[in-house]
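For reference, the structure discussed in these notes is given below.
The values are calculated or read from the model by the stated rules, or taken from the named source; none is laboratory data. None of these values were measured; they are calculated from a predicted model. Please note: Cβ atoms are built from the backbone with ideal geometry, for glycine as well, and neighbour counts cover all protein chains shown.
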Amino acid sequence: MNPKIDNLLTETRRFSPSEAFAANAIAGRDLYERAETDRLEFWAEQSRELLDWEKPFTRVLDWTNPPFAKWFEDGTLNVAYNCLDRHVEAGNGDRVALHWEGEPGDSRSLTYAELTTEVKRLSNVLIDLGIRAGDRVAIYLPMIPEAIMAMLAVARLGAIHSVVFGGFSADSLRSRIDDASAKLVITADGGYRKGKVSALKPAVDAALAPRGELGVQETVKNVLVVKRGENTVDWTEGRDLWWHDVVPAASPEHTPEAFPSENPLFILYTSGTTGSPKGILHTSGGYLTQAAFTHKNIFDIHPETDVYWCTADIGWITGHTYVTYGPLANGTTQVIYEGTPDAPHPGRWWEIIEKYGVSIFYTAPTAIRSFMKLGRKIPKKFDLSSLRLLGSVGEPINPEAWMWFRKVIGGKLAPIVDTWWQTETGAIMISALPGLTETKPGSAQVAVPGISIEVLGDSGSAVESGSGGLLVVSEPWPSMLRGIWGDPERFKETYWEKFGDKYFAGDGARLDEDGDIWLLGRVDDVMNVSGHRLSTAEIESALVAHPYTAEAAVVGASDETTGQAVVAFVIIKESQLEEAGGAAHISDALRAHVAAQIGAIARPREVFVVNELPKTRSGKIMRRLLRDVAEGREVGDTTTLADTSVMRIISDRVSAN
Ligand code: PRX
C-alpha cells in the first residue's frame, strides 16, 4: 500500500461544529432517520419540498430494467423554471443570483429577475435557431454569466446541453460535437486567463472546418458568439451570430413548458479507461432533486443571508451541479469568477471572498495545496471572517491540506465537508453534514441520507471495518447517470458488470472502525490530475498519433500539488530518432502535441524516451512498475515480465535524466 495512505489511517484528530453552527444548521439527524425508515418515500418528500412540479409524480422509482432507472417518471417539470422564475414569483426577484467577477477586475451582478429575463430572451433566440426539445447544444464558454444563461436556456426548452471545458482543444471539441450531433455551438471570442485573452472561437472554427478523415462537420447549423475577449475572430456569414446582436433584441417573454422527469438534461463527457471519452447522460427530475437536496443540506444554505462560492468551471460536473443547478434551484446568491486563482496577483481568491463577504466556499485540494506552498502570508492580508463553511471535492484531501484549510482559511471555526462524488453520480454521495458530523481530516466519512454505499471485496462481499475494498453504490439514486450517450453496452460493462445491480465507482476505499469512508483513489487506468479525470489510454493514443512515436505508456504519478501528474514513457521510431534531435527535444515536442490534441490539462509533466516497455508475456504493459519509476520508488515485483531486465534499463534511463 502507498505509504501516504497508511499515514491517513493513523489520523486521530477530530473536529465538531461549534454550538452556534449546530444550532442553526439546516440538516438534522432526522434526515438519516427518515431516509432509513423509507428511502424512496424520503426522496419523494425531498423532491416535493425542494422542487415545483407542474404535474406531481405518483411513482418514485422504476428499477424493473436495471441498470436503466426512472425516477419520478410520471411527473413533469421545467428545470429552468425551478432555477429562475419561481424565485421571482415568490417575491425574491431582487435577490442577487450571480456576483460575477471577471479576471481583469470588471464585475457584474445579476438578480434573479434579471437572470430570468436574460434566459427568456435567449430561449426565444434558440427557438428562432430551430432548437427544440431533445436537440443537442454544445457550450464552449469561459466562466461568464452567459455560460449559466446558456445552460438554463437550453434546459428551458427541454433540449440537451453538452458543455465542453474551454481548455479542451479543437480536436476534443470536434469529437464531442460529433458524438452528440450538436446543432448549435454557443461560444465566445475568448475569455481572460492568467492576464491574457485565451481565444475560443478559433477552436470552434477549427472544430467545424473539414478536417482529415473526419471530413465536413454537418450537424452544426449555427454558432452563437459572446463578445468577451475583444480578440479579432473570423466570421462565417450565415452560420455565426453575435450574442449582442440577437439576445437583447429578443422578446423577454417566454412561458416555460413542462417536460417529463426523465427528459434528458445534459451530456457531459468524461474520461474512462479507453481512448474515447464517455458522454454521461443526466435527466431532469431526479438530478435536480439530488442537486438541490445535497446543496442545501451539505452546504447549509440559508438563501437570505449566505453568499456561496464554488470555484469549479462549468466545464466539469461540479460546475453543473454546484454552480448552475443546485444553487439556483435553492435561490442562492453566489459568486462566479472567470480567471485563475493567481491573476493578477496570488491573493485574488481571498480578495474576492473579502469583497463579496463569501460565507460558504467550495474548492479542490489541488488549489488548497498550491496556496499552502505560497504561504499563509497571502491569505492573512485579507478579511476572511465571513467564511463559515468550507468544502472540498475532486480528489482525496490529505490531512495536512485539510488542517491548513481549516486554520488559515476557515479561522479554525468553519467546518469542512469533504464531498465524494463523480460525473456519473451527478451529485454528492458521501460527505459529512456540517452541523452534525464530527469531522476527520482526510475522510469523506458517510453516505448522504438516502444513499447506500458499500465497500466490497473483489468477490462482492462486504469488507470488515479496517479493511480496504472497492466502493459501490448499492441502490439506485435520483441523480444517477441514465447511460452513456449512444452506447448502452459500454454503460453496462463499465459500471454494472462487476457487481450485478450495484454500481461500481472505480474507486478504492477503506472503512475505519467507526464506519467512516476513506477514499484511496482510482483502481483503474484513470488518473486524477488537479481533480480532473484523464485516462491513460486517451493520452497514449494521442502520443502514438505523433510521427515520432512507436509505442507509449502513460501513468499517473503522485504529485505534491496536483495529486497526480501525467508521466509518459515512449519508444521512438528508429527512422525518426535522428530527425527528432535528442531526448529533450522529443519530450518538448510530445508534451506540446498532447496539449494540442486534448488540451493543456493533459500535457505530461514528463516524457521519458525508452527502448522498451515492461510487458507481461501476453503483451500487457505493467503500468504498476512504470509508476514505481515515475514516483522514484524501488521497482516492485518484476517476475511476470517477459524480459525482467527491462525495468533496470528504464530506471537507469530515468535517473540519468
Ligand atoms: O476518484 C474519485 C475522485 O474523482 C473521481 C470523479 O471524477 P469526476 O467525475 O471528474 O468528478 C470530480 C468532481 C465530483 C472519483 O471517482 N474524487 C472526487 N471527489 C473526491 C474524490 N476522491 C476522494 N475524495 C473526494 N472527495
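Scanning the stretch 268-284 for residues that are buried (at least 24 other Cβ atoms within 10 Å of the Cβ) and touching a Gly at 6+ places or on another chain (Cβ under 6 Å), which turns out farthest from W53 (Cα to Cα)? Among those residues, the one meeting the criterion is K278. Identify, please: which residue in the stretch 367-421 is buried (at least 23 other Cβ atoms within 10 Å of the Cβ) and among the hydroxyl-bearing types (S, T, Y) and is, among those, farthest from I453 (Cα to Cα)? In this case the residue turns out to be S392.
Only a single item in (1) away from the ligand (no atom under 16 Å from the Cβ); (2) among the charged types (D, E, K, R); (3) modelled with pLDDT of 95 or more is not met by D458, and it is number (3). Scanning the stretch 204-224 for residues being surrounded by 24 or more Cβ atoms within 10 Å (Cβ to Cβ) and either under 24 Å from the mean Cα position of the chain (by Cα) or more than 24 Å from G130 (Cβ to Cβ) (or both) gives a total of 2. Determine if the stretch 20-29 includes at least one residue that is surrounded by 18 or more Cβ atoms within 10 Å (Cβ to Cβ), over 18 Å from N330 (Cα atoms) and among the small types (G, A, S). No, the stretch 20-29 has no match at all. Restricting attention to the stretch 482-518, the residues that are more than 9 Å from the ligand (Cβ to nearest atom) and within 27 Å of H161 (Cβ to Cβ) total 16.
Here is a list: S467, S452, S474. Which entry is away from the ligand (no atom under 13 Å from the Cβ), touching a residue at least 40 places away in the same chain (Cβ under 8 Å), among the small types (G, A, S) and under 23 Å from W63 (Cα atoms)? Spell out the reasoning first.
Numbers: S467 fails: under 23 Å from W63 (Cα atoms); S474 fails: touching a residue at least 40 places away in the same chain (Cβ under 8 Å).
Going through S467, S452, S474 in turn, just one is away from the ligand (no atom under 13 Å from the Cβ), touching a residue at least 40 places away in the same chain (Cβ under 8 Å), among the small types (G, A, S) and under 23 Å from W63 (Cα atoms): S452.
If you go through the stretch 422-439 and keep only what is closer than 19 Å to A364 by Cα and away from the ligand (no atom under 13 Å from the Cβ), you end up with L433, P434.
Quick grid of which residues meet (1) farther than 20 Å from E631 by Cβ; (2) surrounded by 20 or more Cβ atoms within 10 Å (Cβ to Cβ); (3) of a type in the set (S, T, Y):
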| residue | (1), (2), (3) |
| --- | --- |
| V526 | no, yes, no |
| Y548 | yes, yes, yes |
| V555 | no, yes, no |
| T561 | no, no, yes |
| I572 | yes, yes, no |
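Annotation for the stretch 75-94: no member residue is closer than 21 Å to V225 by Cβ and in a helix (DSSP H, G or I). For the stretch 171-178, the criterion of being among the β-branched types (V, I, T) and crowded, with 20+ Cβ neighbours inside 10 Å is satisfied by at least one residue.
Scanning the stretch 519-532 for residues that are more than 9 Å from the ligand (Cβ to nearest atom) and assigned to a strand (DSSP E or B) yields M527, V529. Somewhere in the stretch 100-117, is a residue assigned to a strand (DSSP E or B), among the aromatic types (F, W, Y), touching a helix residue (DSSP H, G or I) at 6+ places or on another chain (Cβ under 6 Å) and farther than 21 Å from Y269 by Cβ? Looking through the stretch 100-117, at least one residue is assigned to a strand (DSSP E or B), among the aromatic types (F, W, Y), touching a helix residue (DSSP H, G or I) at 6+ places or on another chain (Cβ under 6 Å) and farther than 21 Å from Y269 by Cβ.
Annotation note: Cβ proximity below 9 Å between a residue of the stretch 392-417 that is among the aromatic types (F, W, Y) and a residue that is within 9 Å of the ligand (Cβ to nearest atom) and assigned to a strand (DSSP E or B) (sequence gap 6+ or interchain) occurs for W402/S392; W402/D418; F405/S392.
Checked against (1) more than 13 Å from the ligand (Cβ to nearest atom); (2) within 20 Å of A22 (Cα to Cα); (3) touching a helix residue (DSSP H, G or I) at 6+ places or on another chain (Cβ under 8 Å), G410 meets all criteria but (3). Of the residues making up the stretch 586-600, not a single one is more than 27 Å from F168 (Cβ to Cβ) and outside any strand (DSSP E or B).
Taking the stretch 571-609 as the range and being closer than 17 Å to S535 by Cβ and in contact with an Asp or Glu (Cβ under 8 Å, 6 or more places away or on another chain) as the test, the residues that pass are Q597, I598, A602, R605. Where helices (runs of 4 or more DSSP H) fall wholly inside the stretch 1-69, the ranges with 2 or more residues that are over 27 Å from the mean Cα position of the chain (by Cα) and modelled with pLDDT of 95 or more are 19-24, 30-37, 39-50.
With respect to I378, is the statement that it is modelled with pLDDT of 95 or more, more than 23 Å from the chain's Cα centre (by Cα) and at negative phi true? When the stated conditions are applied, I378 passes them.
The numbered conditions (1) in contact with a strand residue (DSSP E or B) (Cβ under 6 Å, 6 or more places away or on another chain); (2) surrounded by 18 or more Cβ atoms within 10 Å (Cβ to Cβ); (3) of a type in the set (S, T, N, Q) are all true for T294 except (1). Taking the stretch 225-256 only, how many residues are farther than 22 Å from R156 by Cα, touching a helix residue (DSSP H, G or I) at 6+ places or on another chain (Cβ under 7 Å) and exposed (fewer than 14 other Cβ atoms within 10 Å of the Cβ)? Final tally of qualifying residues: 1. Within the stretch 32-60, residues that are surrounded by fewer than 17 Cβ atoms within 10 Å (Cβ to Cβ) reach partners that are part of a helix (DSSP H, G or I) and of a type in the set (S, T, N, Q) with beta carbons closer than 8 Å, at six or more positions or on different chains, in the pairs D52/N82. Mind counting the residues in the stretch 401-421 that are within 16 Å of Y362 (Cβ to Cβ) and part of a loop (DSSP other than H, G, I, E, B)? The qualifying residues number 4. Checking each residue in the stretch 381-404 for being within 21 Å of the chain's Cα centre (by Cα) and not small (G, A, S) picks out L389, L390, V393, E395, P396, I397, N398, W402. Quickly run through the stretch 296-328 and pick out the residues that are in a helix (DSSP H, G or I) and away from the ligand (no atom under 11 Å from the Cβ). Once the filter is applied, which keeps residues that are in a helix (DSSP H, G or I) and away from the ligand (no atom under 11 Å from the Cβ), the stretch 296-328 yields K296, N297, I298, V323, T324, Y325, G326, P327, L328. Of the strands (runs of 3 or more DSSP E) lying entirely inside the stretch 130-238, the ones with 1 or more residues being over 23 Å from L281 (Cβ atoms) and without any contact (Cβ under 8 Å) to a residue 40 or more places away in the chain are found at 196-199, 222-226. Among the residues of this structure, V594 counts as one that is among the β-branched types (V, I, T) and either touching a residue at least 60 places away in the same chain (Cβ under 8 Å) or closer than 28 Å to V523 by Cβ (or both).
Out of the stretch 367-395, which residues are under 24 Å from R522 (Cα atoms) and in contact with a helix residue (DSSP H, G or I) (Cβ under 7 Å, 6 or more places away or on another chain)?
Result: I368, R369, S392, V393, G394, E395.
State which residue is nearest to F57 (Cα to Cα) when the search covers only the stretch 477-508 and only residues that are aliphatic (A, V, I, L, M) and in a loop (DSSP other than H, G, I, E, B). Restricting to residues being aliphatic (A, V, I, L, M) and in a loop (DSSP other than H, G, I, E, B), the top hit is M480.
Among the conditions (1) among the aromatic types (F, W, Y); (2) closer than 26 Å to H585 by Cα; (3) touching a Ser or Thr at 6+ places or on another chain (Cβ under 9 Å), F499 misses just one, which is (2).
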